[in-house]
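See below for the structure under consideration.
The values are calculated or read from the model by the stated rules, or taken from the named source; none is laboratory data. Every value quoted in this text rests on a predicted model; they were computed, and no experiment measured them. Positions of Cβ are backbone-derived with ideal geometry, glycine not excepted, and every protein chain shown enters the neighbour counts.
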Amino acid sequence: MNCFLFLGLYKVVADKTPYVSIEEITRKVSIGPTRFGHPCFYSPEDIKLANITIKHGEQITFNSVEEVNGTMAVNCGVVRNNQSHSFTLPFSQEGEFYECEDDQIYTLKEIAEWKIPKCRNRIVKLSNTLHTWDSSNPLPENFDGCLILTPVYEVQAVMKFRKDIVHILSDLDVEVKDITDCYDISSFLQPLSLEDVFERTSKEFPMVAEIMEGPSGSQKPYNLLYTGKEIIIYKKYQATRVLASEIRSDSPKRHFLIPMSYKGKFKRRPREFPTAYDLEIARSEKEQLHVVATKAFDSPHKELFSVSVGDQFLVQQCQTSEVLYEGRKKLIDVLACEQILSDTYKKVLLPMYMEGGFVEVIHDKKQYQLSEICKEFRLPFNVKVSVRDLSIEEDVLAAVPGLQFEEEITDSYLLISSASSPVESWEIPVYRLNMSVHLLSKDGQTVVPPVTKTTVEEISEEQYYMVRRYENQTLHPPPRPPKKPTLAPKPVFAVPKQDVSDVLQAPKVRYHTLS
């Protein structure tokens, strides 16, 4: 069984067996330039160096291996008081070194390539169950989430008179002889992954290639990329996509990457907000946010408003307010709102820590292009397709009752077309498509690519988590919501949906529309 088809996201369990030297770590653990290649260790004893003393239990990050003054060493770092300190540890450094706990999540493919030390097994714990498993799932019924991974290696090879890739199992009992010096290596086909192609310089494009191993899946254009097909690769570039998920209460949800070239139109759908703090985040200067309370909230302070189900509010701004707290006056963050009454408006203050529930009331009936939404509104944003993209043979978004646009992402793509009939081109993702090619020539017959076909990419739940994880590495975490004062528990009542439905059609509302 190919373990990479065994979907799921996993956390690595730290190995309890220590390494006895830095040299042993470099021999058995992958250390490299990517984020996967920065393992962390600690020593139970202090390590005294010329310019720094590493304290026992302190986390040491191994960044790279290099030669320093004729001695092989590892470039390392520790973080103290939010400041990074760099130093080197020579291969000859001995002692006990233990793996640190790792709070990141990984796919099995990432673990197999980066996180299994040579000559050791790896224990992993299932982080989440992806909803692709069925009755054929080989795991036992009472599976506790832990797996012991033992790698099984294979050699991928090309033969002189064959165009396909041959897979040779590592336990095959054969003898081999190195005859490299007797053959011209250029006479063999050179398989390239899409990552290999993307790493080539822009001047090398366009190029003609033949597919040696095509991707799996029936989704266009992947079903057209079969073994033996010749393609033109016009260029490489970074492109923007909107990550969208299906709005539904049950699982699993479908996930999509939508290109900015999508020509369909969208109408807004109500957003839901679990706290007053979320209302402040969603607040916009262009449009006043109108919401209905779906949960009751009993305020512990007489200066602040107690919310009942069905109360309607226009969100104003964040401010501070003085309240009496345990007999003393205290300033806390509050959200200023206007409560909508039958014939008037009442100014009220909601505590920012309020854990209630609100649903948005939509007055905007306009139809939006994707680019307009990204420009004029903050994401996440709820929509539904009102006009399908007629340039797409089957617009998968049109059949989805509701979508949440979560964030804009930037990803790497290659622009390709069929070499035999280049009537249209497609963008293919470099890091989500498992495909091998070999180059036929460096000059494509068609220098100018044909019209690019818009493709909405539906991604798996595993790919969804990977996309979000990689994208969020470059983002600062959102600010934490204000803490609730330590007081006696206050009742929070969930209310049946039918109690809210009638008030969503409030006739008298003051709001601003987009110009």
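So, of the residues in region 79-92 that are within 14 Å of Lys48 (Cβ to Cβ) and either among the hydrophobic types (A, V, I, L, M, F, W, C) or in contact with an Asp or Glu (Cβ under 7 Å, 6 or more places away or on another chain) (or both), which turns out to be surrounded by the most Cβ atoms within 10 Å (Cβ to Cβ)?
Among residues in region 79-92 that are within 14 Å of Lys48 (Cβ to Cβ) and either among the hydrophobic types (A, V, I, L, M, F, W, C) or in contact with an Asp or Glu (Cβ under 7 Å, 6 or more places away or on another chain) (or both), the one surrounded by the most Cβ atoms within 10 Å (Cβ to Cβ) is Leu89.
State all residues of region 84-114 that are touching a helix residue (DSSP H, G or I) at 6+ places or on another chain (Cβ under 9 Å), among the hydrophobic types (A, V, I, L, M, F, W, C), farther than 20 Å from Thr17 by Cβ and not in a helix (DSSP H, G or I); if no residue qualifies, say none.
The answer is Ile105, and nothing else.
Given Leu192, Leu169, which one is touching a residue at least 40 places away in the same chain (Cβ under 8 Å) and either farther than 30 Å from Leu108 by Cα or outside the structural domain of Ser418 (by TED's automatic domain parsing) (or both)?
Working: Leu169 fails: touching a residue at least 40 places away in the same chain (Cβ under 8 Å).
The conditions single out Leu192.
State all residues of region 360-401 that are among the polar types (S, T, N, Q) and either free of Cβ contacts under 8 Å to residues at least 60 places away in the same chain or buried (at least 16 other Cβ atoms within 10 Å of the Cβ) (or both); if no residue qualifies, say none. Don't jump to the end; show me each part of the working.
Start the filter on region 360-401 by keeping residues that are among the polar types (S, T, N, Q), which leaves 367, 369, 371, 382, 386, 391.
Listed by number, the list holds a single entry, Asn382.
Only one of these is at pLDDT 85 or above, under 28 Å from the mean Cα position of the chain (by Cα) and small (Gly, Ala, Ser): Ser92, Ser64, Ser86, Ser127. Name it. Give the steps one after another, and end with the answer.
Details: Ser92 fails: under 28 Å from the mean Cα position of the chain (by Cα); Ser86 fails: under 28 Å from the mean Cα position of the chain (by Cα); Ser127 fails: at pLDDT 85 or above.
On inspection, the qualifying residue turns out to be Ser64.
Are any residues in region 293-324 under 32 Å from the mean Cα position of the chain (by Cα) and crowded, with 16+ Cβ neighbours inside 10 Å, and if so, which ones?
Just the residues of region 293-324 that are under 32 Å from the mean Cα position of the chain (by Cα), to begin with: 293-295, 315, 317-318.
If the condition is that a residue be under 32 Å from the mean Cα position of the chain (by Cα) and crowded, with 16+ Cβ neighbours inside 10 Å, then Ala293, Thr294, Lys295, Val315, Cys318 are the ones that fit.
Pick from region 298-314 the residues that are touching a Phe, Trp or Tyr at 6+ places or on another chain (Cβ under 9 Å) and outside any loop (DSSP other than H, G, I, E, B): which of them is farthest from Ile281 (Cα to Cα)?
Ranking the qualifying residues of region 298-314, first place goes to Val307.
Any residue that is out of contact with any Leu (no Cβ under 6 Å at 6 or more places or on another chain), touching a residue at least 60 places away in the same chain (Cβ under 8 Å) and hydroxyl-bearing (Ser, Thr, Tyr) - is there at least one of those in region 63-71?
Step one: list which residues in region 63-71 are out of contact with any Leu (no Cβ under 6 Å at 6 or more places or on another chain), which gives 63-71.
Retained after the next criterion (residues that are touching a residue at least 60 places away in the same chain (Cβ under 8 Å)): none.
No, region 63-71 has no match at all.
Could you check Ala157 against (1) surrounded by fewer than 16 Cβ atoms within 10 Å (Cβ to Cβ); (2) among the aliphatic types (A, V, I, L, M); (3) touching a Phe, Trp or Tyr at 6+ places or on another chain (Cβ under 8 Å) and say which number it fails?
(3)
Which condition number in (1) out of contact with any strand residue (DSSP E or B) (no Cβ under 9 Å at 6 or more places or on another chain); (2) of a type in the set (S, T, N, Q); (3) free of Cβ contacts under 8 Å to residues at least 40 places away in the same chain is the one that Ser284 fails?
(3)
Kindly indicate whether any position in region 154-164 is part of a strand (DSSP E or B), touching a residue at least 60 places away in the same chain (Cβ under 8 Å) and touching a strand residue (DSSP E or B) at 6+ places or on another chain (Cβ under 6 Å).
Within region 154-164, not a single residue is part of a strand (DSSP E or B), touching a residue at least 60 places away in the same chain (Cβ under 8 Å) and touching a strand residue (DSSP E or B) at 6+ places or on another chain (Cβ under 6 Å).
From the list Thr240, Thr227, which residue is outside any strand (DSSP E or B), of a type outside the set (Gly, Ala, Ser), in contact with an Asp or Glu (Cβ under 9 Å, 6 or more places away or on another chain) and assigned by TED's automatic domain parsing to the domain that holds Lys442?
Numbers: Thr240 fails: outside any strand (DSSP E or B).
Answer to the check: Thr227.
Being of a type in the set (Ser, Thr, Tyr) and either surrounded by 16 or more Cβ atoms within 10 Å (Cβ to Cβ) or assigned by TED's automatic domain parsing to the domain that holds Glu462 (or both) is the requirement here; does Thr34 meet it?
Values: of a type in the set (Ser, Thr, Tyr): yes; either surrounded by 16 or more Cβ atoms within 10 Å (Cβ to Cβ) or assigned by TED's automatic domain parsing to the domain that holds Glu462 (or both): no.
Taking the combined requirement at face value, the residue does not satisfy it.
Across region 214-246, which residue is nearest to the chain's Cα centre (by Cα) among those that are buried (at least 18 other Cβ atoms within 10 Å of the Cβ) and hydrophobic (A, V, I, L, M, F, W, C)?
Across region 214-246, the extreme among qualifying residues is Leu243.
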